[in-house]
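**Student:** Shown below is the structure under consideration.
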Amino acid sequence: MVVMCVWDQIQFLVRSMEPGGEVATKRPKLSSDVSAGAGSEDRLSALPDDILVLILRHLPTTAAARTSVLSHRWRRIWTLLPELRFPSATDPHQIGHALQVHEAALRCLFVLTRDAGPDSVTAWLPVAARRLSGFLFFQNLERQRSAQERNEEEAAQRGAFEFPCLERATNVSLHLGFLGLAVPPAGVFARLTELCLSRVRFHAPGLLGDAVSSLRCPCLQKLTVRDARGLDNLAINSDSLRQVALSDLRGLRQLTIVAPALEDFNITHSFFHNQSQPVASISAPQLATLEWMDPYDPSSVHLGEMEHLQLLRPFFFLVYGHEGWTHNQSCLSLLRRFKFIERLILTLTYLRNMDYCHYVMEDMTMLPDITILHLNVLANGHAFGASAFHVLRMCSGIRRLVLALFAPTEVEAQTTCPPGCICCEQQNWETEPLLLNRLQEVEIIRLRGSEHEVTFVKQLFIWATALEKMTVTFDDSVTESVAKELSEVLRSFCRPEIHMEIHTYEDMIKMMYAPEDMHRLIAMLS
């Protein structure tokens, strides 16, 4: 029965590859009783190996391997596949055996497991290290655990597996579900250009920096480490790295990077979870993009010369804060570090409950000289006009403005602030003069149509006397009827010389994705 199922899949694939998607009517049918050798002529088996391999590439590896029982002709065809895919692996020894008998150069290995332990990974990963000469993707999905089961003691009891030296791999992406990972103390990843480590718990963490530095990763260009535990000190010295992204490295206390070719560096919420002062030294003279979304203290975080920097993204700024709260100093200190930046990404955040808070935007007294401003606003239903006006007043020479109006992800998040909220006390901005006579293009993303938002957009048309183009994309929560009404209101603000484009959320998805992917993606996001 299994053989017949696989054979049916092969016949279907062959039909789909032919003109019109169907087998020509004059061709003899493929045998329906392959295992017994009965039926009409088997012309499929007469095809060259490379054609049969092309057909089997459309099947999961376990299904492709089953074709070996069809006949002597098919016995080794699947072992010639350049890619092996195990999308629902339950038996790790089966993966190891497949790798051992595989004959061709292995350019891609895809493995997806569920709640695997260290022993199950070591059943196949060392074999893969000897065979792989391309891309490795491994994801270990976690089962749902209670908070008590997720504690450090339980994680330590699960143990760790040693990450073998993949001498010929070019791209490695490991999403481990917080499996313990021991970085090898020796060996050279001679061809590795990209490495991604996600949801990982490091054992002997000091070795990671050594493993990804030039002596052992001479070709590494892109490094991503996110959602990691047990990494308190990371020191990298690399002549080849061009992109580094570090996110949610809980427990990180010290970071050192010496990378003369580095162009793009992002660190997010890695020092944030520690109560101690962040300690970092970054030497990257060719850096073009710096996204430092973490605490920053110039007395302990040393950024070398960055004469080529074009994009800066500091930590978010709380518009209303408490007395003695020093959180915003990270954002302000980094802004003061640079005099000119072509593009600045600035995030203004409002707490949902602002009782006992006071307006602190006046603490922001200067911005670098910028050309493009990307202003993110997480308003939580509050009026944001005063804070956005304060920012624009300090960078009135910008030529392009992107205003992204983010909404909190929580279901219970408020859409309007309560009556008498202190955010309504700052209303003078609506009557104060502002001239944005160099602003030529404005893009507004995820507009929901609140009174606060519409008022601010109206003022933008007044301030931007040289505006040439305005693009507005509504939030996915805006219904078709509301979108139509809002469009009429926005167009009433527009001057004749301004080209205005208004898109719904689905319009944006259509522009970003192919038609065949659009409906599936909208369903996922809605």
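The values are calculated or read from the model by the stated rules, or taken from the named source; none is laboratory data. No experiment lies behind these values; they were computed from the predicted model shown. Every residue, glycine as well, gets a Cβ built from its backbone with ideal geometry; the counts of neighbours run over all protein chains shown. Quick note on the areas: whole protein, heavy atoms, side chains included, nothing else; ligands and nucleic acids left out. Shrake-Rupley method; radii C 1.70, N 1.55, O 1.52, S 1.80 Å.
**Student:** Run down Ala245, Ala261, Ala235 and say which single residue is surrounded by fewer than 18 Cβ atoms within 10 Å (Cβ to Cβ) and assigned to a loop (DSSP other than H, G, I, E, B).
**Tutor:** Just one listed residue meets the conditions, Ala261.
**Student:** Give the residue that is modelled with the lowest pLDDT, with candidates limited to residues of the range 87-104 that are under 16 Å from Gly134 (Cβ atoms), open to solvent by less than 70 Å² (accessible area, probe 1.4 Å) and not in a helix (DSSP H, G or I).
**Tutor:** Among those that are under 16 Å from Gly134 (Cβ atoms), open to solvent by less than 70 Å² (accessible area, probe 1.4 Å) and not in a helix (DSSP H, G or I), it is His102.
**Student:** Separate question: All but one of (1) surrounded by 13 or more Cβ atoms within 10 Å (Cβ to Cβ); (2) out of contact with any Phe, Trp or Tyr (no Cβ under 9 Å at 6 or more places or on another chain) hold for Cys494; which doesn't?
**Tutor:** Condition (2) is where Cys494 drops out.
**Student:** Could you identify the single residue in Asn171, Asn151, Asn237 that is out of contact with any Leu (no Cβ under 8 Å at 6 or more places or on another chain) and at pLDDT 95 or above?
**Tutor:** Values: Asn171 fails: out of contact with any Leu (no Cβ under 8 Å at 6 or more places or on another chain); Asn151 fails: at pLDDT 95 or above.
Going through Asn171, Asn151, Asn237 in turn, just one is out of contact with any Leu (no Cβ under 8 Å at 6 or more places or on another chain) and at pLDDT 95 or above: Asn237.
**Student:** Related question: Those residues that are in a loop (DSSP other than H, G, I, E, B) and either in contact with a Lys or Arg (Cβ under 6 Å, 6 or more places away or on another chain) or at pLDDT 95 or above (or both), I need them from the range 436-463; list them, please.
**Tutor:** Leu436, Asn437, Arg438, Leu439, Gln440, listed by residue number.
**Student:** Right, next: Name the single residue, out of those in the range 347-358 being open to solvent by 40 Å² or more (accessible area, probe 1.4 Å) and more than 22 Å from Ala404 (Cβ to Cβ), that is modelled with the highest pLDDT.
**Tutor:** His358
**Student:** Another question about this same structure. I'm trying to understand the selection: among the residues of the range 264-292, which are crowded, with 21+ Cβ neighbours inside 10 Å and closer than 21 Å to His374 by Cα?
**Tutor:** Phe265, Ile267, Leu287, Leu290, Trp292, listed by residue number.
**Student:** Now for a different question. Restricting to the range 376-387, name every residue that is in contact with a strand residue (DSSP E or B) (Cβ under 6 Å, 6 or more places away or on another chain), buried (at least 22 other Cβ atoms within 10 Å of the Cβ) and not aromatic (Phe, Trp, Tyr). Before the answer, list the steps.
**Tutor:** Keep residues of the range 376-387 that are in contact with a strand residue (DSSP E or B) (Cβ under 6 Å, 6 or more places away or on another chain), which gives 376-378, 384, 387.
Filter once more, so that each one left must be buried (at least 22 other Cβ atoms within 10 Å of the Cβ): 377, 384, 387.
Val377, Ser387, listed by residue number.
**Student:** Of the conditions (1) touching a helix residue (DSSP H, G or I) at 6+ places or on another chain (Cβ under 7 Å); (2) at positive phi, Gly420 fails just one. Which one is it?
**Tutor:** For Gly420, the exception is condition (1).
**Student:** Considering (1) within 30 Å of Ala383 (Cα to Cα); (2) open to solvent by 30 Å² or more (accessible area, probe 1.4 Å); (3) modelled with pLDDT under 95, say which one Gly321 fails and leave the rest.
**Tutor:** (2)
**Student:** Filtering the range 391-407 down to residues that are in a helix (DSSP H, G or I) and either modelled with pLDDT under 95 or open to solvent by less than 10 Å² (accessible area, probe 1.4 Å) (or both), which residue is nearest to Asp363 (Cα to Cα)? Spell out the reasoning first.
**Tutor:** We begin by selecting, within the range 391-407, every residue in a helix (DSSP H, G or I); these are 391-393.
If we keep only those that are either modelled with pLDDT under 95 or open to solvent by less than 10 Å² (accessible area, probe 1.4 Å) (or both) as well, we get 391-392.
Details: Val391: 11, Leu392: 15 Å.
So the residue we want is Val391.
**Student:** Looking for something among the hydroxyl-bearing types (Ser, Thr, Tyr), part of a helix (DSSP H, G or I) and either touching a Phe, Trp or Tyr at 6+ places or on another chain (Cβ under 8 Å) or touching a residue at least 40 places away in the same chain (Cβ under 8 Å) (or both) - is there at least one such residue anywhere in the range 346-358?
**Tutor:** no
**Student:** Taking the condition touching a residue at least 40 places away in the same chain (Cβ under 8 Å), closer than 30 Å to His358 by Cβ, of a type in the set (D, E, K, R) and out of contact with any Asp or Glu (no Cβ under 8 Å at 6 or more places or on another chain), does Glu453 pass?
**Tutor:** Yes.
**Student:** Just to verify a result, which residue in the range 264-288, among those that are part of a loop (DSSP other than H, G, I, E, B) and hydrophobic (A, V, I, L, M, F, W, C), is nearest to Ser238 (Cα to Cα)?
**Tutor:** Out of the qualifying residues, it is Ala284.
**Student:** Which of (1) farther than 23 Å from Ala204 by Cα; (2) modelled with pLDDT under 95; (3) over 24 Å from the mean Cα position of the chain (by Cα) is the odd one out, the single condition Pro278 does not satisfy?
**Tutor:** (1)
**Student:** Here is a follow-up. Could you tell me how many of the residues in the range 184-232 are of a type in the set (S, T, N, Q) and crowded, with 17+ Cβ neighbours inside 10 Å?
**Tutor:** Residues in the range 184-232 being of a type in the set (S, T, N, Q) and crowded, with 17+ Cβ neighbours inside 10 Å: 3 in total.
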